[in-house]
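The values are calculated or read from the model by the stated rules, or taken from the named source; none is laboratory data. The structure displayed is predicted, hence computed values, not measured ones. Here the Cβ positions follow ideal geometry from the backbone for every residue, glycine too, while neighbour counts run over all protein chains shown. Surface accessibility is based on the protein's heavy atoms, side chains included, excluding ligands, DNA and RNA. Shrake-Rupley method; radii C 1.70, N 1.55, O 1.52, S 1.80 Å.
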Amino acid sequence: MLARQRQLLATGAFFFDGALIFGAWLAAYELRFHWLGWAAPLGVPPLALYLWFGVVATLVSLLILRTFHLYRSARTARLGPELYAVTQGVLATAALAALVSFFTRGELARSVLLLFTVLAWLALCGTRIAIRVALREMRRRGRNLRHVVVVGCGDLAAALLRKIAAHRDFGFAVEGLVAADPGDVGRSVEGVPVVGTVYDLRSIVDQKGAELVYLALARSEFRAEEEALHQLADSTAAVRLVPDLARAFTLNASVEDFDGLPVVLVTESPDLGWNAVMKRAFDLVCSGIGLVVLAPVMLAVALWVRLDSPGPVLYAQERVGLSGRRFRMLKFRTMRVDAETDDAPGWTTPGDPRRTPAGAFLRRLSLDELPQLWNVLLGQMSLVGPRPERPVYVEQFRASIPRYMLRHHVKAGITGWAQVNGLRGDTPLDQRIEYDLYYIRNWSLLFDVRIILLTLVRVFRDASAH
């Protein structure tokens, strides 16, 4: 029954989107040539031509949107990624329409394509937001609910129950817990009673009218999981498996389809797909602009370093970046040429006697980091990310600090979440790692912008820089 309802909803959404897209196409034609009063030097094209293109554009749009899995009924899907997928689909459709128009000698007016893009995006996103708001209100009033049974009584089941309680708009009504151990029957977890064991699961599901069963068992309870799956083999309830990753540190965990085989991604970089494209584009634009705008400042600093002490202006040091790859990170030289030998690396300390007079000032304002904009332009670094370390330190830290190498799942950065929170230079490394991992788990382009703005406010005035 649940599967049929989901199929009907997905089919209805598919055809509803088709009507919206075709309507947006016709509305764009009417707006351009009749309602807005814009001049048409070549005359008003026949409606039949745009009707034909509208049908093709609608079918292509639906096929593109379908590739983004927008027609899978999922109560737990987030609105943000769905709207982002809609935006990608609409832009892809408009780009294809423009390409077709180009090869057909501009049969379609560019103004119509632009209006269609805006109207289709507003219609598809607006209806999705409106439907979400309406469903959320219905579910909070106890309607449109899905009855759920959770198998498990441990920490994993408790975490799932907290998620369900925190998202009432998902519309899940938990009817009870099913235990692996008969001794747990009668107690409650997060206020939900344990109503039986896995051996009673089939009758419990029928009795409670459960439409969804979540298996939230520890890995040590695999026998109970096997029994639960056996009990549900001929049940109409949909089964969801919550993997137990309690002993594994997860980083952007997700599930992928490997030719029909579900694979859990335990640690994964956020810099994949469109995320990688957006972040790289952001880095290219900002580093290019930065190198041009800051060129006079960098030239003045270079002259100062050259006149201040003997030695080269730039200092290139080997660091470890994305996926453990090594690169030469550039800085303005702030220390004497003989400050450090290859076999005796050391941290910079407050009042370090190895610094040059110019170096003390440059480090305090972080101006010595400006040449790293070139590293960003080359793709060796990013504007924002964990600060890179020297190979000798990486080998030490990976042996003594748990999860240290996870920070290399993204490109190293000129600035980072740890740095804007005062963790620069010789500061507790375990705290820096936690901040770096928080950044990787919660990455977004807006988060990068926020860190850059905080860098301008905090890092340049940070007393810990030396």
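If the chain between Arg146 and Ile401 were fully stretched, how many nm would it gain, using 0.36 nm times the residue separation less the Cα-Cα distance?
Working: separation 255, 0.36 × 255 = 91.80 nm, distance 4.46 nm.
That pair, Arg146 and Ile401, stretches by 87.3 nm at full extension.
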Q: Starting at the first residue of segment 179-186, write each ³J(HN,Hα) from the Karplus equation 6.51 cos²θ - 1.76 cosθ + 1.60 with θ = phi - 60°, in whole Hz, x for Gly and Pro.
A: 9, 7, 9, x, x, 7, 5, x
Q | For the chain: lysine pairs under 30 Å (alpha-carbon distance), excluding those fewer than 8 apart on one chain | A | 4
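Looking at the calculated P(r) for segment 97-185, what percent of the C-alpha pair distances fall above 15 Å? Numbers along the way, then the final one.
Details: 2850 of 3916 pairs.
When every Cα pair of segment 97-185 is considered, 73 percent fall beyond 15 Å.
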Q | Heavy-atom accessible area ranking, 1.4 Å probe, most first, across Asp17, Asp155, Asp181, Asp308 | A | Asp155, Asp181, Asp308, Asp17
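As an exercise, use a Förster radius of 25 Å and the Cβ-Cβ distance of Asp169 and Leu446 to find the FRET efficiency, rounded to the nearest 0.05.
On the way: r = 24 Å, r/R0 = 0.94.
The calculated FRET efficiency here is 0.60.
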Q. Using a basic spin-label model with each label point 7 Å from the Cα along Cα→Cβ, how many nm lie between Val337 and Arg458?
A. 3.9
Q | Mean Cα-pair separation over length for the chain, i.e. relative contact order, pairs under 8 Å, 6 or more apart, % | A | 9
Q | Where a label projected 7 Å from the Cα of Ile131 along Cα→Cβ would reach, residues of segment 74-93 with amide N under 17 Å | A | 74-90
Q | Cα→Cβ-extended label distance, 7 Å offset, between Leu83 and Leu122, nm | A | 1.5
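With every protein chain present, what is the per residue accessible area of the chain (1.4 Å probe, Å²)?
54
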Q: Run the 1.4 Å probe and let me know the accessible area of Ser400, rounded to the nearest 10 Å².
A: 80
Q. Taking H as built 1.01 Å from N, whose amide H comes closer than 5 Å to the amide H of Ser382, not counting residues under 5 places away?
A. Ala412, Gly413, Ile414
Q | Sum of -39500 (n - 2.57) over DSSP H runs of 4+, divided by residues of the chain (222 nm, nearest 500) | A | -16000 deg cm²/dmol
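Roughly speaking, what is the stretch gain from Leu26 to Asn421, that is 0.36 nm per residue apart minus the C-alpha to C-alpha distance, in nm to one decimal? Write down the numbers at each step before the final one.
On the way: separation 395, 0.36 × 395 = 142.20 nm, distance 5.26 nm.
Result for the pair: 136.9 nm of gain on full extension.
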Q: Please list the non-local residues whose amide H lies under 5 Å from the amide H of Glu107, H modeled 1.01 Å from N, same-chain partners needing a gap of 5 or more.
A: none
**Q.** Correct choice for Cα Rg over 2.2 N^0.38 Å that was computed from the model, options (i) 1.28; (ii) 0.94; (iii) 1.07
**A.** (i)
Q: Multiply the residue gap between Ala74 and Trp52 by 0.36 nm, knock off their C-alpha separation, and tell me the result in nm, one decimal place.
A: 4.5 nm
Q: For Leu370, enumerate residues with amide H under 5 Å from its amide H, sequence gap 5+ or separate chain, H modeled in the peptide plane.
A: Phe332
